[in-house]
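Input: a single structure, listed below in structure tokens.
The values are calculated or read from the model by the stated rules, or taken from the named source; none is laboratory data. Everything quoted here is computed from the prediction, not taken from an experiment. Using ideal geometry, Cβ is built from the backbone for each residue, glycine included, and neighbour counts are taken over all protein chains shown. Side chains included, ligands, DNA and RNA excluded: accessible areas come from the protein's heavy atoms. Shrake-Rupley method; radii C 1.70, N 1.55, O 1.52, S 1.80 Å.
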Amino acid sequence: MEQTITVEWIDRGREPQCPPDPNFPRGRDCDVSNGVNPSCKTDLPYPAKRCGYYFLKCDTCGQTALITTAGRPDDPRSFRMPCKLVKPGN
């Protein structure tokens, strides 16, 4: 299934206060789908400008998510979430 995810940046206007997690020097691929298929996935602008949020909305199923950023190398670079069109138990 072809889907489009709208990504909106919400700037908090703060610079990072803590050092980045050295385990993710090239960003994180965040997956909260729990293996559900189909799922909605998008690449994110990486790295983020500074502390803030990405508001994500799948234009196909309407699923939404809010993901935080800190403007550091360990910011999320992609996000996957379960598709709302999948019925529980499938």
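Just a few scattered comments:
- Of the residues making up region 74-90, those that are over 18 Å from LYS41 (Cβ atoms) and at pLDDT 95 or above number 1.
- Taken over region 45-90, the criterion of being closer than 17 Å to ASP29 by Cβ and β-branched (Val, Ile, Thr) is satisfied by ILE67, THR68, THR69.
- Reported count of residues in region 28-84, each being more than 22 Å from GLU15 (Cα to Cα) and over 11 Å from the mean Cα position of the chain (by Cα), is 16.
- Applying a threshold of 6 Å to beta carbon distances and a minimum spacing of six or more residues, or different chains, the list of pairs starting in region 1-28 at a residue that is under 15 Å from ALA70 (Cα atoms) and ending at one that is open to solvent by 80 Å² or more (accessible area, probe 1.4 Å) and aromatic (Phe, Trp, Tyr) reads GLY27/TYR46.
- Pairs with Cβ under 7 Å, 6+ apart, first in region 56-79 and without any contact (Cβ under 8 Å) to a residue 12 or more places away in the chain, second in a loop (DSSP other than H, G, I, E, B) and surrounded by fewer than 19 Cβ atoms within 10 Å (Cβ to Cβ): none
- Counting only strands (runs of 3 or more DSSP E) wholly contained in the chain, the ones carrying 2 or more residues that are open to solvent by less than 60 Å² (accessible area, probe 1.4 Å) occupy 5-14, 39-43, 51-58, 64-70, 76-82.
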